[in-house]
Amino acid sequence: MKVKGFYLGMPAEEAILRCQEVSRDNLKEYCRYADNHVGHPWSAHISFDSNKKATRIQLCDSIFNAGDMNVKDFALKFMEAYDIPEMKPSNDGQYLYYISPSGTRIKIDVYKNTHIEYAQTPTFK
């Protein structure tokens, strides 16, 4: 599943270029690889394994132009755009999540940040 051009297994070099494409012009220098991460404070943060392949992706609401949208409306539009049948609330109410048949977990938190990772990753359910 690709979201805004980012996907699990994405090579670090490709992630850097994509991060630069979605970032505001004066902030592109923040998109670089360091310590198994590519990050940008207001658009994307990607973690990589030892082979420099993406294992976790976090996309900020600014990438989706969702600034004025409430979380529920954002989640509904996201589900429609990426053909997600349902999202369940977390036990603590801090996010909605979906686990695809292929094992990809999508999470949308209360700040409209979108997290994508392999379902085996034990950071959330």
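Assorted remarks:
- Of the residues making up the stretch 73-104, those that are among the charged types (D, E, K, R) and more than 19 Å from residue 63 (Cα to Cα) are 86, 88, 92.
- Test: residue in the stretch 91-98 that is touching a residue at least 60 places away in the same chain (Cβ under 8 Å), under 18 Å from residue 4 (Cα atoms) and among the hydroxyl-bearing types (Ser, Thr, Tyr): no
- Residue that is hydrophobic (A, V, I, L, M, F, W, C), modelled with pLDDT of 85 or more and under 16 Å from residue 118 (Cβ atoms), where the choices are 1, 79: 1
- When every residue of the stretch 55-65 is checked against the conditions, none turns out to be modelled with pLDDT of 90 or more, closer than 20 Å to residue 11 by Cα and touching a Lys or Arg at 6+ places or on another chain (Cβ under 9 Å).
The values are calculated or read from the model by the stated rules, or taken from the named source; none is laboratory data. Note that the coordinates shown come from a computational prediction; the quantities given were computed from them, not determined experimentally. Quick reminder, even Gly has a Cβ in these numbers, built from the backbone with ideal geometry, and neighbours come from all protein chains shown.
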